[in-house]
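Structure record follows, encoded as structure tokens.
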Amino acid sequence: MSFKQNPWTLKSSRKIYENPWLSLREDQVLNPNGNPGIYGVVSMKNVAIGIIPIDSEGNTWLVGQYRYTLEQYSWEIPMGGCPSGELPLDAAKRELKEETGCVAKTWEKIMDLHLSNCVTDELGHIFLCRDLCEGQNCPDDDEQLAVKKMPFTEAVAMVHLGEITDAVSVAGILKVDWMLKQ
């Protein structure tokens with residue numbers, strides 16, 4: 001069996017729901033064993049963007065907010081969405097400024113990832129940025145953000161202690177931690 005060949009057979013598909021951020025469809029399928037079933041797919045309209053700012057003293061910024069879907073508070077790296085037609089780097093620069101007030105001169109894309117790929121096609125890009133100038137943040141009107149500047153090593157510890165659980169944040173922080181140790 002080829003691992004690159006799709007073992008699923010799509011019989012039919014119908015859109016269940018759509019809003020400005022996502023759409024949900026239900027597919028009638030034959031699974032890899034040939035048995036009939038359904039598959040729900042959430043298609044995201046934006047690409048996820050995560051940013052890890054690191055200043056010359058080894059500090060980073062985290063953003064805290066209450067996440068409606070989780071019904072709990074969440075500490076995360078600065079992040080947001082990149083709509084179709086916007087370049088991911090431009091979205092990263094915009095989100096960093098909106099959420100932290102920082103502007104960076106040096107940018108590096110450090111990874112791509114698929115988020116919850118068993119139910120969604122959501123793609124994420126994570127950027128590391130340096131050479132920072134601090135300023136005033138200007139969050140979106142639906143955001144109530146706390147911004148925390150801290151040593152990057154504390155953010156790594158928060159991941160290991162389970163205090164940061166957002167997938168984009170965990171992946172990005174651990175990747176940058178690995179990069180800094182090389």
Exercise for the section: Select from the range 7-35 the residues that are closer than 25 Å to ASN46 by Cα and part of a loop (DSSP other than H, G, I, E, B) and write down the one among them that is modelled with the highest pLDDT. Expected result: ASN19
Exercise for the section: Would you check which residues across the range 74-109 are buried (at least 17 other Cβ atoms within 10 Å of the Cβ), under 19 Å from LEU174 (Cβ atoms) and in contact with a Leu (Cβ under 9 Å, 6 or more places away or on another chain) and list them? Expected result: TRP75, GLU76, ILE77, PRO78
Completion exercise
By residue number, the members of the range 146-162 that are under 18 Å from the mean Cα position of the chain (by Cα) and either surrounded by 13 or more Cβ atoms within 10 Å (Cβ to Cβ) or in a helix (DSSP H, G or I) (or both) are VAL147, ALA155, VAL156, MET158, VAL159
Completion exercise
Filtering the range 112-138 down to residues that are surrounded by fewer than 16 Cβ atoms within 10 Å (Cβ to Cβ) and in contact with a strand residue (DSSP E or B) (Cβ under 9 Å, 6 or more places away or on another chain) yields ASP112, HIS114, SER116, VAL119, ASP121, ARG130, ASP131, CYS133, GLU134, GLY135
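With respect to GLU86, determine if the residue is over 19 Å from THR165 (Cα atoms), in contact with a helix residue (DSSP H, G or I) (Cβ under 9 Å, 6 or more places away or on another chain) and not in a strand (DSSP E or B).
Spelling it out, GLU86 is indeed over 19 Å from THR165 (Cα atoms), in contact with a helix residue (DSSP H, G or I) (Cβ under 9 Å, 6 or more places away or on another chain) and not in a strand (DSSP E or B).
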Completion exercise
Of the residues in the range 49-64, those that are in a strand (DSSP E or B) and surrounded by 16 or more Cβ atoms within 10 Å (Cβ to Cβ) number 10
Exercise for the section: Could you list, in sequence order, all residues of the range 12-36 that are surrounded by 12 or more Cβ atoms within 10 Å (Cβ to Cβ) and more than 30 Å from the chain's Cα centre (by Cα)? Expected result: LEU30
Fill in the blank from the handout: Pairing a residue in the range 126-152 that is more than 21 Å from SER74 (Cα to Cα) with any residue that is assigned to a helix (DSSP H, G or I), where Cβ atoms lie under 7 Å and the two sit 6 or more apart in sequence or on different chains, gives CYS129/LEU96
Exercise for the section: Check the range 110-129 and report whether any residue there is charged (D, E, K, R), at pLDDT 95 or above, closer than 23 Å to ASN59 by Cβ and not in a loop (DSSP other than H, G, I, E, B). Expected result: no
Handout entry: Matching residues in the range 89-109 - criterion: being in a strand (DSSP E or B) and among the polar types (S, T, N, Q)
Key = THR106
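The values are calculated or read from the model by the stated rules, or taken from the named source; none is laboratory data. If you're wondering where the values come from, they're calculated on a predicted model, not measured in any experiment. A quick note on method: Cβ atoms are made from the backbone with ideal geometry, for glycine too, and the neighbour counts reach across all protein chains shown.
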